[in-house]
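Notes to accompany the following structure.
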Amino acid sequence: MKVLIVDDEPPARARMASLLADLGGVEVLGEAGDGRTAVELSAQLAPDLVLLDISMPLMTGLEAAHHLATLDPAPAVIFCTAYDEHALAAFEANAVDYLVKPIRLERLQAALARAQRYSGPTLAKLQTSAPAQRTHLCARMRGNLVMVAVADIDYLIADDKYVRVHHARGEVLIEESLKTLEAEFEQRFVRIHRNCLVAKNRVTGLSRTSDERIFVRLANSDEQLEVSRRNLPALRKFVKGG
């Protein structure tokens with residue numbers, strides 16, 4: 001069984017590696033200290049199992065599990081945490097097991113046995129409910145997985161079946177609907193057109209052209225995005241702080 005160990009504490013990763021070595025039959029492909037790196041490494045290394053902490057920087061283990069479930073093949077997930085209050089959320093994220101630290105060798109062995117009964121294709125078919133609000137969006141570029149922090153996004157534009165995500169370092173395409181993204185991130189983005197959402201904290205004002213078209217101005221950008229008449233009243237209210 002090929003395993004990825006994910007924990008933000010190096011001593012915890014070392015202890016898990018030691019326990020796995022004692023059990024045998026396990027190949028540790030690598031380690032990660034946060035959820036985002038865990039997803040990126042899983043896409044590259046295709047582990048059978050990810051041993052995943054929950055409370056971590058950049059991206060929590062719970063959010064990482066939802067991203068892992070979209071991989072093909074999707075790895076099995078076992079949560080390893082110092083707290084037991086996340087158990088329900090963990091199993092809603094289709095975790096195979098939930099281990100509370102300090103982890104006993106016998107308990108880990110039983111969890112690994114459960115994981116062996118799960119295959120990637122089986123997990124990939126499971127329907128997972130999205131976390132309350134993601135911190136990252138997941139895209140694929142030339143076969144590689146790219147994680148974009150929501151806080152880095154300037155605007156989102158619908159493009160046929162995809163949404164173009166314009167962010168601090170460029171743009172990527174994701175297979176999600178603009179409507180779904182608007183519902184999930186309504187506190188962060190404002191709709192300016194039927195095909196465009198703009199990050200509220202990037203909006204610096206509005207401008208009008210000689211032909212009466214209205215555009216939104218963005219911080220640290222020369223780009224101007226056109227505002228539809230339908231969305232103009234709500235956008236003006238937002239700009240005025242109302």
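The values are calculated or read from the model by the stated rules, or taken from the named source; none is laboratory data. Here the structure is a predicted model, which is why all the values come from computation and not from measurement. FYI the Cβ positions are ideal-geometry reconstructions off the backbone, even for glycines, and counts take in every protein chain you see. Protein only, heavy atoms only, side chains kept; ligands, DNA and RNA dropped before computing areas. Shrake-Rupley method; radii C 1.70, N 1.55, O 1.52, S 1.80 Å.
Tabulated values for the structure
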| read-out | value |
| --- | --- |
| Percent antiparallel among DSSP beta bridges (both partners in the chain, rounded to 5) | 65 |
| Magnitude of the charge dipole, the chain, Cβ model with Lys/Arg +1 and Asp/Glu -1, debye to 20 | 920 |
| The chain, accessible area per residue, ligands and nucleic acids excluded (1.4 Å, Å²) | 53 |
| Max mean-square fluctuation residue, GNM over the chain, Cα-Cα springs under 10 Å, options A12, A110, A43 | A110 |
| Where labels lie 7 Å past Cα in the beta-carbon direction, separation of E182 and S210 in nm | 3.3 |
| Nitroxide proxy distance, nm - points 7 Å out along Cα→Cβ at A113 and D159 | 5.0 |
| Most fluctuating residue given options L156, L29, L51, as computed from a GNM of the chain linking Cα atoms under 10 Å | L29 |
| Cut-off 18 Å, label 7 Å out along Cα→Cβ of N195, residues of the range 149-168 by amide N | 155-167 |
| For the range 22-34, Karplus couplings with θ = phi - 60° (6.51, -1.76, 1.60), whole Hz, Gly/Pro x | 5, 6, x, x, 10, 10, 7, 6, x, 9, 9, x, 7 |
| Radius 10 Å from Cβ of S207, net charge of other residues (Lys, Arg +1; Asp, Glu -1) | +3 |
| Convex hull per residue volume in Å³, alpha carbons only, for the range 24-82 | 78 |
| Two-decimal log10 I(q)/I(0) for the chain, as the Debye equation yields it once each C-alpha is a single scatterer, q = 0.09, 0.15, 0.17 Å⁻¹ | -0.47, -0.97, -1.14 |
| Angle in degrees between helix 105-115 and the longest Cα principal axis of the chain, rounded to the nearest 10 | 60 |
| Cross-link reach list, lysines versus K101, counting only Cα pairs under 27 Å and skipping chain neighbours closer than eight places | K2 |
| With Cα atoms, 0 to 90° folded angle of helix 35-45 axis to the chain main axis | 70 |
| Most to least accessible of D84, D159 (protein chains only, probe 1.4 Å) | D84, D159 |
| Carbon plus sulfur fraction of accessible area for the chain, probe 1.4 Å, in percent | 48 |
| Share of pairwise Cα separations in the range 142-233, more than 21 Å, in percent | 30 |
| Three principal axis lengths of the range 181-233 [C-alpha, angstrom, descending] | 36, 26, 16 |
